[in-house]
Amino acid sequence: VEKEMIKDGDVDEAFDAKRAAGLVGELRRSFDSGTTRSYEWRIAQIKQIAKMMEEKESEIFEALRADLSKPKFEAYVSEISLTIASCKHAVKELRKWMAPEKVKTSLTTYPSSAEIVSEPLGVVLVISAWNYPFLLSLEPVIGAIAAGNAVVLKPSEIAPAASSLLAKLADLYLDKSAVRVVEGEVPETSALLEQKWDKILYTGNGRVGRIVMAAAAKHLTPVVLELGGKCPAFVDSNVNLQVAARRIIAGKWGCNNGQTCVSIDYIVTTKEFAPELIGGLKRGLAELFGENAMDSKDISRIVSSRHFLRLAKLLDEVSDKVVLGGESDQTQLKIAPTILLDVPQDAQIMQEEIFGPLLPIITVGKIEDGFDLIKSKPKPLAAYLFTESHQLKKDFVRDISSGGMLINDSVLHLTVPGLPFGGVGESGMGAYHGKFSFDAFSHKKAVLYRSFGGDSDVRYPPYTPKKLGVM
Ligand code: NAD
């Protein structure tokens, strides 16, 4: 990589391991000075993030347009307003989160009191992905700051306009001595990963997740891995089809055109209901994006040629299964919302996360027959069910393992700050959002307080048979 990637300090040489070590050393000195621990510093920084999102709204829209053609409304809802909501939530709750939590003690320690004290971990690293470049960068940073850490953010180079804007704005709005943005590709990220961090939160694919975890293991650094997977949606015939179809469409094509970690990857429905469902989706798509979705301004484009070609290849293998859409335009990196019916399970489209506007529908005899299909695949980040049946809801929640779950809608569970957001198995480990972010970046220190009173002989030698009797 010839071009200058780091924006902290406007220095021209490459960001290598030596410079990464220097940066970590600088932030560690700040952390050790105690600055980041104070409640006031944490609140001030989080408020600055909210202010930055409010004041720089138009620059943020412009970056998201340049990187993804993200429609303004979508950009506002999924990046700006969610980030501001996280800031507000943290500001409101931080005192409570920071307060030591009293716990009961046991007879063995009587008399005593005990509490769990949340302490910052130190200097942490956040590596984020390109699809929601502001939200996925700032949401973990809010957690890291709320917990009192110094933090380095490495945004994704695949969304270069957002990455450089984040670097510029962090410089302007945040305390440089403890919050930094390092831009870069693989060499810069590798240089960062060589360093000793107190925690790493990585968002992206599982292949790189393994690289991050291996690098962290060298220093015994704990990790949160926010990965992806194939998120299924089960659609029962017992639904309000019009509402279900709109919610499926909103969660698939209305969320970055399917380039979302929790967007619906494939649908499972019954053979009988499939034609009705496809009809409902067709009508809904025409209503929301017009008769020709390729011309719609309300849909994002594919992020890069590499991803466009990857999706085109997935589609090509099963092009005879297309029941809607299938059009694409490489010059504009656009692929139409595309529905495919009963693609074979061994086709590549059913083997890897699609992460784009292609939506296979798999049909089964009864909805429950599809449970085995999910269980035969790695555990997804999210699983969805559309039904009015209470029994089916209960069975689904009990039998299907996934990072999160949402009944009768898609994607929206991640907007509830009281719910942990994270994967299980191959969709990741650890969780964040709301207090879970604070916890992810805190050490829960166990503290027991005793006084000098009430000292009993029982625990001390000599260990006489009589003492054993007391125990
Ligand atoms: P990406 O290409 O932006 O990569 C993510 C980060 O990894 C970037 O910052 C990148 O610089 C870094 N990276 C890439 N190669 C690296 C290497 N060899 N060594 C070190 N770092 C490296 O994003 P992506 O992986 O294409 O993102 C899509 C994937 O992320 C999908 O699987 C999606 O489901 C998942 N995702 C998960 C979440 C979540 O919250 N769980 C959110 C968004 C995306």
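Coordinate-derived values only; no laboratory data. These figures come from a predicted structure and were not determined experimentally. Neighbour counts are summed over all protein chains in view; Cβ atoms, including those assigned to glycine, are modelled from backbone coordinates with ideal geometry.
Observations
- Under the Debye formula (equal points on every Cα, no solvent term), log10 I(q)/I(0) of region 175-227 at q = 0.16, 0.19 Å⁻¹: -0.47, -0.67
- Helix 274-289 axis, angle to the chain major axis (alpha carbon atoms, nearest 10°): 80 degrees
- Spin-label model distance (nm) - S305 vs E185, 7 Å beyond Cα toward Cβ: 1.3 nm
- For region 34-41, 3J(HN,Hα) computed residue by residue from phi via the Karplus equation (6.51, -1.76, 1.60; θ = phi - 60°) reads x, 3, 6, 7, 5, 4, 5, 4 Hz, glycine and proline entered as x.
- In order through region 366-373: 3J(HN,Hα) via Karplus (6.51 cos²θ - 1.76 cosθ + 1.60), integer Hz, x for Gly, Pro: 10, 3, 4, 4, x, 4, 5, 4
- The P(r) of region 218-281 has a tail past 13 Å containing 68 percent of all C-alpha pairs.
- Against the chain, whose longest principal axis is taken from its Cα atoms, helix 17-33 shows a tilt of about 50°.
- With 10 Å bins from 0: P(r) over region 371-433, alpha-carbon pairs, percent: 22, 52, 25, 1
- Note on region 295-354: Kirkwood hydrodynamic radius from all Cα pairs is 12.1 Å, rounded to one decimal.
- Taking the inverse of the mean 1/r over every pair of distinct Cα atoms in region 227-325 gives a Kirkwood hydrodynamic radius of 14.6 Å.
- Applying 1/(1 + (r/R0)^6) with r as the Cβ-Cβ distance of K393 and T331 and R0 = 45 angstrom yields a FRET efficiency of 0.50.
- In this structure, the amide hydrogen of F386, modeled 1.01 Å from its nitrogen in the peptide plane, lies closer than 5 angstrom to those of F234, V235, D236, N408, counting only residues at least 5 positions away or on a different chain.
- Taking a ≥ b ≥ c as the square roots of the eigenvalues of the alpha-carbon gyration tensor, region 145-209 is classed oblate because a/c is 1.5 or more while a/b is no larger than b/c.
- Stretched out straight at 0.36 nm per residue, the stretch from E54 to I211 would grow longer than its current Cα-Cα span by 53.0 nm.
- Extending 7 Å from Cα along the Cβ direction at T105 and again at Q242 yields two label points whose distance is 6.4 nm.
- Per residue convex hull volume, Cα atoms of region 379-471, in Å³: 235 Å³
- Placing dummy labels 7 Å off each Cα toward the beta-carbon, the span from K72 to E93 is 3.2 nm.
- Only one residue of I278, Q345, G356 has its Cα farthest out toward the positive end of the dipole of region 275-391, where Lys and Arg carry +1 and Asp and Glu -1 on Cβ, and that residue is G356.
- The Kirkwood radius of the chain, taken over pairs of alpha-carbon atoms, gives through the Stokes-Einstein law at 37 °C and 0.692 mPa s a diffusion coefficient of 137 µm² s⁻¹.
- Backbone phi angles across region 48-54, fed through the Karplus curve with coefficients 6.51, -1.76 and 1.60 (θ = phi - 60°), yield HN-Hα couplings of 5, 5, 4, 4, 4, 5, 6 Hz in residue order; Gly and Pro are listed as x.
- Volume in Å³ per residue [convex hull over Cα atoms, computed for region 16-131]: 182 Å³
- Sorted by Cβ density within 10 Å, fewest first, the residues D295, D320, D439: D320, D295, D439
- Centroid-to-centroid, using Cα positions, region 347-423 and region 63-110 are 25 Å apart.
- Note on the chain: helix-only mean residue ellipticity at 222 nm, from DSSP H runs of 4+ residues weighted -39500 (n - 2.57) and normalised by residue number, equals -12000 deg cm²/dmol.
- Across region 171-248, Cα pairs under 8 Å and at least six residues apart give a relative contact order of 26 percent.
- For region 250-306: rounded, prolate or oblate by the Cα gyration tensor [a/c cutoff 1.5]: oblate
- Among beta bridges from DSSP that stay inside the chain, the antiparallel ones total about 35%.
- One decimal place: the segment E317-D295 gains 5.4 nm when fully extended, by the rule 0.36 nm per residue minus the C-alpha distance.
- Intensity falloff of region 22-74 expressed as log10 I(q)/I(0), Debye formula with alpha-carbon point scatterers, at q = 0.28 Å⁻¹: -0.99
- Per-selection Kirkwood Rh - region 354-396 (Cα, Å, 1 d.p.): 12.2 Å
- Extreme residue, positive dipole direction of region 99-213, given options I158, A178, P111 (C-beta unit charges): P111
- Cα gyration tensor category, rounded, prolate or oblate, for region 141-292 with a/c compared to 1.5: prolate
- Sorted from longest to shortest, the spans of the Cα atoms of region 265-408 along the three principal axes equal 47, 31, 27 Å.
- The dipole here belongs to region 254-375: it is taken about the Cα centre, uses +1 on the Cβ of Lys and Arg and -1 on the Cβ of Asp and Glu, and is about 320 debye.
- Selected from G209, L220, P232, residue furthest toward positive end of dipole (region 180-244; charges at beta carbon): L220
- D (Stokes-Einstein, µm²/s), Kirkwood Cα radius, region 68-135, 1.306 mPa s at 10 °C: 99 µm²/s
- Each Lys and Arg contributes +1 and each Asp and Glu -1, all at the Cβ; summed about the Cα centre of region 196-272, the dipole is approximately 280 debye.
- Estimated dipole of the chain in Debye, rounded to 20 [Cβ of Lys and Arg +1, of Asp and Glu -1, Cα centre]: 1840 debye
- Extension gain, S456 to K218, is 81.2 nm, computed as 0.36 nm per intervening residue step minus the present C-alpha separation.
- Helix axis angle, 135-146 relative to the chain longest principal axis, alpha carbon, degrees: 10 degrees
- Paramagnetic reach from S113 (point 7 Å along Cα→Cβ, amide N under 14 Å) across region 434-471: 447-452
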